[in-house]
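Each remark here refers to the structure printed beneath this line.
Coordinate-derived values only; no laboratory data. What you are looking at is a predicted structure, and each value in this text was computed from that prediction instead of being measured. Note that each Cβ is placed from the backbone with ideal geometry, even for glycine, and that neighbours are counted across all protein chains shown.
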Amino acid sequence: MAVSGEPGYVGDTLIASIMVTNSGNSSGTVSLIISPISGDEIFQSVQIPISSGSTREVSTPFKLSSSGTNNFDWQVSVDGDPDNLQLQGNFSVEVMPSQVLNLSFDTIEWTNSGGLNFDASLFLSDGKSRGIILEASSGSRGSYQLMQRIQIASDPGRRTITFDLGHPSADEVILEAIPIGWLPSSDSVNSSQVNVSEPLVNKDSILVEAFFTPERPIPGDRVMASIFLENMGNYQAQSGYVRVISSSDQKILSETEVQSVMPGSNLTTDVSLPDWPTSDSLVLEVQWHTSGIKSSNFFSIEADNSQEGLNLPFDILAAGYGLLAGVLTILVGTLVWRAVSTRTPSTSDFNLRETKESAKSLSKREKTEIQCSYCDQRLMVPHNHAGGVRCPACSMEFIVGENDKPSHPVIRSSEDTLNCPECEQALRVKMENRPAMSRCPVCKTEFMAEAEEAQDV
């Protein structure tokens, strides 16, 4: 008989094993039975088949119930021959007292920025390394919720374990150490409990403001409320909700959830009021519920009742007829004026007046065609005009008809490009257009561009 798992402690489970050989001519089935001499509990393995001429290991687990020397009887039960006295015997195991497992809180802290965290101290007395599950739960008004679970293999001695639970809704924390497959001593303290309190947010440190669009709503319209939440304190304002309430009848017009707001931060959320009440003036209360407190602000909103009905001091249909008559009168007058202005002039025996068409031809003959100095646009100007001319294409001005009175600098070059006399900006004036007045687009200096005669070489 072989026993594995020693040294044994009270509450431990060991394994008893034996090798069984079938020397007969047929197969058989056996099981191993372990029974304490001083107890009534019996431990039996499953049935193990052994074929003829084979040897197999048969084993079963058994538990140690008391410290000191524990004596056990064993028997291999053969299917069909249960009273075979050759397949039985006894053995003893030295059992030590159960190991002590103690658990306690070392430090616990709940801050606004770091949340709830604590250090726990775990002690295991001399002996084996043990598997342990640590569970941290939060409690609030008698209701408990598991927050964190850790499975560890703890060696004998003391060790510190850190837990971080965030921001739970809790007024106490429970910590428990659960042995895995072993029994701690009755002197052990494997659970601990401590009261906690969430950092309080000062009501005076949170602010709620609201802005309504439009500022003067029309009854029945949809109104958007932009709500501004600010945390001016040192603690985090937990997630909550915002309400817009009519102060007159305490009716909740709108409600929405909002996230937490860190210290020194702010948050803006939009709330829709789908049907603005019919009232000349309405007082609204905007509430921010967070961390168990409420911050409120009141706003008086004046309604715009001018759009409820359009009352005009005249008949709209009559005004439309009048407008149509006026437009027709203008159109008829315009047609008559055009007919009169373009009719053929009268003649007499003594005098022959020029027709309008011949006057236009004469005017055309008395004009001279020139070319714009900047964009080559062809223009018609009076033949005796002297002075500035503005090109309708490029909107640039240049001088014509004053060649005999040069009052501007004269720049000559033998190619299309030349330099401004004031700022030396490179300009382009085509040779075939010279002489021509030019203006520098940079410094606005006007000058006369002339062609330079080529010299014989």
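For the stretch 422-440, the residues whose amide N sits under 18 Å from a probe point set 7 Å from the Cα of Gln371 along the beta carbon direction are 427-439. Each label was represented as a point 7 Å from its Cα along the Cα-to-Cβ direction; for Arg428 and Val442 these points are 1.6 nm apart. The calculated FRET efficiency for the pair Arg390 and Arg222, based on their C-beta separation and a Förster distance of 35 Å, comes to about 0.05. Candidate values (1) 28, 26, 22; (2) 110, 42, 28; (3) 31, 24, 22 were compared with semi-axes √(5λ) of the Cα gyration tensor in Å computed on the shown model; the agreeing label is (2). Once the Cα atoms are used to define both axes, helix 316-341 deviates from the longest principal axis of the chain by about 40 degrees.
Angle check, please: helix 356-365 long axis (alpha carbons) against the longest principal axis of the chain (alpha carbons), in degrees 0 to 90, nearest 10. Helix 356-365 sits at roughly 80 degrees to that axis. Only the Cβ atoms of Lys and Arg (+1) and of Asp and Glu (-1) were treated as charged; on that basis the dipole of the chain about its Cα centre amounts to roughly 2080 debye.
Model label points for Glu257 and Ser54, set 7 angstrom from Cα along the Cα-to-Cβ axis, are 6.2 nm apart.
Within the stretch 2-96, DSSP assigns beta bridges of which about 95% are antiparallel (rounded to the nearest 5).
The DSSP beta bridges internal to the chain are antiparallel in roughly 95% of cases. Modelled spin labels at Val336 and Asp204, positioned 7 Å past Cα toward Cβ, are 8.4 nm from each other. Computed from the C-beta positions of Asp270 and Ser246, the FRET efficiency with R₀ = 22 Å rounds to 0.70.
Let me have the relative contact order for the chain, percent, based on Cα pairs under 8 Å that are six or more residues apart.
Relative contact order here is 8 percent.
Restricting to DSSP loop positions (anything but H, G, I, E, B) with no more than 11 other Cβ atoms inside 10 Å of their own Cβ, which GluC sites (Glu not before Pro) remain in the stretch 188-288? Sites meeting the loop and neighbour criteria: Glu215.
If R0 is taken as 22 Å, the Cβ-Cβ distance between Asn71 and Ser27 corresponds to a FRET efficiency of 0.05.
Placing unit charges on each Cβ (+1 for Lys and Arg, -1 for Asp and Glu) gives the stretch 32-85 a dipole about its Cα centre, and among Ile42, Thr55, Gln75 the Cα reaching farthest toward its positive end belongs to Thr55.
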